[in-house]
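Below: one structure, written as structure tokens.
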Amino acid sequence: MGYQWRFDVVWKYLPFILGGLGITFAVSGIGLLIGIVVGLVVAMLRMQRKKWLEIPIMIYQDFFRTTPPLVQLVWVYYCIPVLGGIELSAFWAGTLTLGANTGAFLGEVFRAGLLSIPPGQKEAAKVLGLTYAQTMRRIVLPQAMVRMLPPLGSEVISTIKFSSLVSVIAVTDLLQRAQYMAAVTYRPLEFLTVVAIIYFVITYPFSPLVLWLQRRAGVGDHV
Amino acid sequence: MKTGDQVAPQPSECGGKMVVVVDVSKSFRRTQVLNKVTLRVAKSETVVIIGPSGAGKSTMLRCICQLEEIDCGRIYVDGVLLDGRDQRGKPMRAPKAQLRLLRGEIGMVFQLFNLFPHMSALDNVREALVTVKGMRRIEAQELATAELARVGLADKLESFPAKLSGGQQQRVAIARALAMQPKVMLFDEVTSALDPELVGEVLNVMRALAADGMTMIVVSHEMDFARDVADRVVFMERGNIVEEGPPSKIFASPNEERTRTFLHSVLTR
């Protein structure tokens, strides 16, 4: 006996579900921004090769890279108020966790990118009198960014998908709204399918975008 | 020497020379690369340093242009103490901000060019004029164009390094250093990475520079260049200056057996 798909039910509540898009964009957008800043700082500090800087940073990175994001989220939302006495709203608990998680991964992406630039580039900038900041901004980062684009694109996609985890702590994002309607209408398959399609539509464009950016920045680069 | 005190430059030690390296030692981990080396280069003089690999030639240039910190000794350029260490290795040198401004006065050209691959030839030369010297872009463009014309690349302003031959890239690198109006130019085996047919165009630029009165210290394996252009040839081996003198003397009748052996091995290849 075949399953009776009822997408008309989803269609009826689609505006309600799409109302969660704003939250999804906010959580992943802010999380990504935090992640990029944290990742850059982490990568540049680790390049200094100072033990007392590197060890705490590596502990931070390893913690977020080796534990499930869902556990991190629940831990930050429920444990930090208990341990630290700091109340975080569900939205900020989710966003900050996502930012910290993304930062840990991007730290490695950025570090690999920075390490791929030959030391002669920094030396040339140094003998010309550029400061460390100028060297990074004008010489090293523009070259490293091109090489980091593909893994950066993957990380953006991951972050958007991970943002759906905040549904677990009752943040009303796309997934949370879809699950709510699924429960109300007893139509989980339809709602989850549609949500998957919406995530696909949001995240897919990043693949061609990365390719386009790479091709554009590739002008005059090493062959 | 009082601990930690900053010591005023000692022009008496410089004797009016442009580059003065006194008793400089440098080691990497356990390896002693420079062993109390002393070298004085006069204004407009061209000194060519020769010697086997591992002799410390490149390290000496890298110490002069402040890419390496010395372990002890003193380095002056135009009477200003750039890097100095007392016996115990305590630094005694110019403040950092001042040092950075002095960097542009020491032009360095590398074996592997080290051009910025994401910038056109013009932007490579213009970059430090704008970011370091604070020139206006138009002004910097004029100067950069003139410097590129001087090395024979007036028609390659907008070319990216990947589109240039090795010889052209190296000439852009020379123009980039020259645009900063350096008091001295350092050349670190600048033709070693070039195809043989491209060596000449780079050496010709350097010849013209020497003829213009630029102070130059050149580390090179090009013995013909040393013979023709050098005012003085310095032979280094194992972190020491073994022998120095005018090329006619060094190439024809060196005093030291080691110099003779080295020259014999490179000239009869």
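The values are calculated or read from the model by the stated rules, or taken from the named source; none is laboratory data. Predicted model only: the values in this text are computed from it and were never measured. So basically every Cβ, Gly included, is an ideal-geometry build from the backbone, and we count neighbours across all protein chains shown. Ligands, DNA and RNA are excluded from the accessible area calculation, which covers all protein heavy atoms including side chains. Shrake-Rupley method; radii C 1.70, N 1.55, O 1.52, S 1.80 Å.
Quantify how much of the Cα-Cα distance distribution of region B:78-119 extends past 11 Å, in percent. In whole percent, the share of Cα-Cα pairs in region B:78-119 beyond 11 Å is 75.
The ellipsoid that matches the Cα gyration tensor of region B:1-116 has semi-axes, each √(5λ) in whole angstrom, of 21, 18, 15, with the longest given first. Based on Cα contacts under 8 Å between residues 6+ apart, chain B shows a relative contact order of 24 percent. Compared with the dominant Cα axis of chain A, that is its longest principal axis, helix A:119-128 is turned about 60°. Give me the percent of Cα-Cα pairs in region B:159-199 that sit more than 15 Å apart, rounded to a whole number. Distances greater than 15 Å cover 44 percent of the Cα pairs.
Label-to-label distance, B:Glu257 versus B:Ala146, with points set 7 angstrom from Cα along the beta-carbon direction: 5.5 nm. Measuring spread by the Cα atoms of region A:101-223 yields a radius of gyration and Dmax of 20.5, 69 Å.
Most tightly packed first, judged by the mean number of other beta-carbon atoms within 10 Å of their residues, the peptides A:138-145, B:87-94 read A:138-145, B:87-94. DSSP assigns beta bridges within the protein assembly as shown; of those with both partners inside it, close to 60 percent run antiparallel.
For B:Glu139, put the label point 7 Å out on the Cα→Cβ axis and report which residues of region B:115-130 keep their amide N under 15 Å from it. Output list for this probe position: B:126-130.
Here, chain A has an Rg and a Dmax of 21.1, 77 Å when only alpha carbons are counted. In this label model, A:Lys161 and B:Arg88 are separated by 6.0 nm, measuring between points 7 Å along each Cα→Cβ vector. When Rg and the Kirkwood Rh are both derived from Cα coordinates, the Rg/Rh ratio for the protein assembly as shown amounts to 1.14. Between B:Ala55 and B:Arg238, the built amide H atoms are under 5 Å apart, and every one of these is 5 or more places off in sequence or on another chain. The angle between the Cα long axis of helix A:174-185 and the main principal axis of chain A comes to about 10°, on a 0 to 90 degree scale. When the Cα positions of A:Val74, A:Leu174, A:Phe105 are compared along the charge dipole of the protein assembly as shown, A:Val74 comes out farthest toward the positive end, with charges on each C-beta of Lys, Arg, Asp and Glu. FRET efficiency for the A:Leu33 to A:Trp11 pair, using the beta carbon distance and R₀ = 30 Å, is estimated at 0.30. With a 10 Å cut-off around each Cβ of B:108-115, the average count of Cβ atoms from other chains is 4. Other residues with beta-carbon under 15 Å from the beta-carbon of B:Arg258 carry, at +1 per Lys or Arg and -1 per Asp or Glu, a net charge of -2. A quarter of the convex hull surface defined by the alpha-carbon atoms of region A:95-157 gives 4.6 nm² as the mean projection. Distance between the pseudo-spin-label points of B:Glu69 and B:Ala97 (7 Å out from Cα toward the beta carbon): 2.1 nm.
Straight-distance candidates among the lysines for linking to A:Lys51, with alpha-carbon spacing under 23 Å and chain neighbours fewer than 8 residues away dropped: A:Lys122.
For B:Val184, the residues whose modelled amide H falls within less than 5 Å of its own, excluding neighbours fewer than 5 places apart on the same chain, are B:Gly107.
Using the alpha-carbon atoms, what tilt in degrees (0 to 90, nearest 10) does helix A:188-203 show relative to the longest principal axis of chain A? So the helix axis and the longest Cα principal axis differ by about 30 degrees. Dimensions of region B:104-203 from C-alpha coordinates, computed as largest minus smallest value along each principal axis and given longest first, are 39, 27, 22 Å.
Per residue of A:116-127, other chain Cβ atoms within 10 Å of the residue Cβ number 6 on average. Accessible surface area normalised per residue over region B:87-161 is 49 Å², counting heavy atoms of protein chains with a 1.4 Å rolling probe. When +1 charges are put on Lys and Arg Cβ atoms and -1 charges on Asp and Glu Cβ atoms, the dipole computed for the protein assembly as shown relative to its Cα centre reaches about 780 debye. Within region B:104-173, the trypsin sites (Lys or Arg not before Pro) that combine a DSSP coil assignment with at most 16 other C-beta atoms in a 10 angstrom radius are B:Arg136. Diffusion coefficient of chain B by Stokes-Einstein, Kirkwood radius over Cα pairs, 20 °C, 1.002 mPa s: 111 µm²/s.
Between A:Met47 and B:Glu197, what FRET efficiency follows from the Cβ-Cβ distance if R0 is 45 Å, with the result rounded to 0.05? Here the calculated transfer efficiency is 0.70. Basic side chains Lys and Arg get +1 at the Cβ, acidic Asp and Glu get -1 at the Cβ, and with that the dipole of region B:170-269 about its Cα centre reaches some 180 debye.
Pair-distance distribution of region B:86-161: all C-alpha pairs, bin width 10 Å, starting at 0; shares per bin in whole percent are 17, 40, 26, 11, 6, 0. Here the contact order of chain A, divided by its residue count and restricted to Cα pairs under 8 Å and six or more residues apart, works out to 29 percent. At an R0 of 51 angstrom, the distance between the Cβ atoms of A:Phe206 and A:Cys79 translates into a FRET efficiency of 0.95. Electrostatic tally near B:Gln98: other residues with Cβ closer than 14 Å to its Cβ, Lys and Arg +1, Asp and Glu -1, net +1. Given in Å, the Rg to one decimal and the Dmax to the nearest whole number for the Cα atoms of region B:133-269 are 17.4, 56.
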